[in-house]
Amino acid sequence: MKKLVAVLILLPSLAYGGVLSPSKNQNLATTLGLLEEISTADSNQPYFVRVFAVPEAVLECGGTVQSCPNVRLYITFSSGDLDEVPMLFQLPASKGWEFVGWSKPTEVDGVPTVGFTVRTALPSANIDAQARKAWHPRVYQIRLNPASATVKES
């Protein structure tokens with residue numbers, strides 16, 4: 001009986017044993033490996049929205065803003081319906097991103113719309129004071145619903 005129990009315990013590990021090979025898709029590996037979720041829609045929002053910042057490389061800034069790696073900003077949007085493929089949006093790459101906040105849900109042509117604001121940012125370290133002082137963030141207001149997506153830079 002003890003041997004039977006031991007075999008039953010070891011059986012799942014034998015069935016799933018093997019060697020994992022790393023993906024050859026370097027872009028996907030970089031994106032998933034460096035991905036940082038900077039916000040998720042709260043329960044007050046009518047849709048499922050997630051905002052991700054993804055550095056293009058793991059590097060430090062070297063004093064100038066130009067020396068800092070770019071960071072891509074991705075937005076996924078879904079109404080939550082079964083079998084729905086989420087929509088994916090991307091803003092232009094910047095040196096960094098900050099999530100500012102969610103807007104109160106509104107309606108556009110009778111369709112609930114979710115909105116939020118993000119702004120470009122600089123990394124907190126290794127940028128000289130004069131370069132930091134000369135840099136100005138860009139602010140983006142995003143509005144999304146299943147029928148439309150808009151971005152307004154201010």
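The values are calculated or read from the model by the stated rules, or taken from the named source; none is laboratory data. As the structure is a prediction and not an experimental result, all values here were calculated from the model. When we count neighbours, we look across all protein chains shown, and the Cβ atoms used for this are built from the backbone with ideal geometry, even at glycine.
Remarks
- Residue that is nearest to the chain's Cα centre (by Cα) [pool: residues in region 65-89 that are exposed (fewer than 13 other Cβ atoms within 10 Å of the Cβ) and either of a type in the set (S, T, N, Q) or at positive phi (or both)]: 80
- Some residue of region 71-80 being over 25 Å from residue 29 (Cα atoms), touching a residue at least 60 places away in the same chain (Cβ under 8 Å) and of a type outside the set (Asp, Glu): yes
- Among residues of region 69-103, those that are of a type in the set (D, E, K, R) and modelled with pLDDT of 95 or more, counted: 3
- Unique match (being modelled with pLDDT under 90 and either under 22 Å from the mean Cα position of the chain (by Cα) or farther than 30 Å from residue 96 by Cβ (or both)) among 28, 20, 35: 28
- Hey, residue 49 in contact (Cβ under 8 Å) with a residue 40 or more places away in the chain, touching a strand residue (DSSP E or B) at 6+ places or on another chain (Cβ under 7 Å), β-branched (Val, Ile, Thr) and not in a loop (DSSP other than H, G, I, E, B) or not: yes
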